[in-house]
Amino acid sequence: MTRISGALRSPLTFSVLAGLVIGALFLLGTGADPVTAYEAVVTGALGADGIGSTLTTGTSVLGLALALAIPLRAGLINLGGDGQMVLGGITAAVTGLYSPLPAPLTVALALLAGLAAGAGYAVLAALCENHLGVPLLVSSLLLSYPAVSLASYLARYPLKEPGSSLPQTRALPDGVALPAFGDSTVTLGLVLVALAAAAYWFTDKRTAVGYEIRMTGLNPRFSAYAGVERRGLTLKLMALSGGLAGLVGAIGVLSFPYRFVDGSLTAPGYTWTGLTAALLAAAAPLGTVVAALFFAVLQVGGLAMERTTEVPRELTQVLQAIVIVFLAARLRFPSRWFGRRTRESEAV
């Protein structure tokens, strides 16, 4: 009961509820029924026709959320998720197109190549901070643009599918694809991301490394006094972060439509949605998973809401923004109110 009470009084819960209430007011202002709209979001995202799309979207959103939560747990902000993801995707595409190995081994090699490409590029941003004094937030963001531009060039010129008007590479050979579950678009990539989430939780809660990461995020001076070497930790965390982002890009290429399409990985905004989820959960492992799935439901359910109520799906983006604004403002009115009631009851 104490944990449940604490969860209900937390700023996170209050922020989500406040977002839903204000979203309902927006819906009323447009003449729509909030209950019908929210019901359409839930059924559209979690119903039989939408659960596949939600899990597919959730794979990318959760993967990027975990990738950005790992350094964020130590107080490091990686804004280069787009570049690391795209570089991992185009590297996986090149590997899949030119590998002479059998299809199953090519798939594994493409995943590893995408992971390595993302990790290496993220380490470059860490080196810029450690040795050149460029803040990680700036270096990771600025390095993202050359990576995206390089991938765009490769998809539009050297690797472009002959005769196609779309900026996309040639299709991967037969069999070079992640296994899918039934006839859905959900692939083995979901399992890989889930394993990454489990590894993150175990490391965070059960290892000395996880303790060092948390302490660095809470108090860098204390962690440095205790012997944690920040430069080395930055390199390791950025390598893990970029590697996971690159893996997400590789998963996207090895899933339908089984090729690299310029803009397909960046247009949905997976990086910023993932960062939002990580910030919302304060980079806690389980909280990041829940927040990422919550935003995946909003993204997919927003389309169903638009069809059902004729309310633009952009409302779901407004809800995300409202939640973050309330959380950033540290509105702790419920905690203070409940705390005051508790003290008053004890006094009586």
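The values are calculated or read from the model by the stated rules, or taken from the named source; none is laboratory data. Nothing here was measured: the structure is a model prediction, and the numbers come from that model. Cβ atoms come from the backbone with ideal geometry, glycine included; neighbour counts cover every protein chain shown. With ligands, DNA and RNA removed, areas are computed over all heavy atoms of the protein, side chains included. Shrake-Rupley method; radii C 1.70, N 1.55, O 1.52, S 1.80 Å.
The table that follows gives values for the structure above.
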read-out: Scope region 235-262; condition aliphatic (A, V, I, L, M) and assigned to a helix (DSSP H, G or I); matching residues; value: LEU235, LEU237, MET238, ALA239, LEU240, LEU244, ALA245, LEU247, VAL248, ALA250, ILE251, VAL253
read-out: Which numbered condition LEU154 fails, given (1) farther than 22 Å from LEU235 by Cα; (2) more than 27 Å from the chain's Cα centre (by Cα); (3) among the aliphatic types (A, V, I, L, M); value: (2)
read-out: Every residue from region 141-179 that is part of a helix (DSSP H, G or I), hydrophobic (A, V, I, L, M, F, W, C) and open to solvent by 70 Å² or more (accessible area, probe 1.4 Å); value: LEU142, LEU150
read-out: Residue that is aromatic (Phe, Trp, Tyr), open to solvent by less than 40 Å² (accessible area, probe 1.4 Å) and touching a Leu at 6+ places or on another chain (Cβ under 7 Å), where the choices are TYR258, TYR270; value: TYR270
read-out: Search result, residues across region 63-84 that are within 19 Å of SER152 (Cβ to Cβ) and in contact with a Gly (Cβ under 7 Å, 6 or more places away or on another chain); value: GLY81, GLN84
read-out: Test: residue in region 61-78 that is among the hydrophobic types (A, V, I, L, M, F, W, C) and without any contact (Cβ under 8 Å) to a residue 24 or more places away in the chain; value: no
read-out: Those residues of region 175-211 which are under 19 Å from VAL253 (Cβ atoms), in contact with a helix residue (DSSP H, G or I) (Cβ under 6 Å, 6 or more places away or on another chain) and without any contact (Cβ under 8 Å) to a residue 24 or more places away in the chain, in sequence order; value: none
read-out: Selection status of THR216, surrounded by 14 or more Cβ atoms within 10 Å (Cβ to Cβ), in a loop (DSSP other than H, G, I, E, B) and among the hydroxyl-bearing types (Ser, Thr, Tyr); value: no
read-out: Flag if LEU55 is touching a residue at least 60 places away in the same chain (Cβ under 8 Å), open to solvent by 20 Å² or more (accessible area, probe 1.4 Å), in a helix (DSSP H, G or I) and under 25 Å from GLY269 (Cβ atoms); value: yes
read-out: Some residue of region 273-289 being farther than 18 Å from LEU64 by Cβ, of a type in the set (Gly, Ala, Ser) and in the same structural domain as GLY52 (by the TED database); value: no
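One line per residue, one yes/no per condition, for (1) among the charged types (D, E, K, R); (2) in the same structural domain as LEU265 (by the TED database); (3) farther than 18 Å from ALA277 by Cβ:
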site	(1), (2), (3)
LEU27	no, no, yes
ASP82	yes, yes, no
GLY89	no, yes, yes
THR106	no, yes, yes
LEU111	no, yes, yes
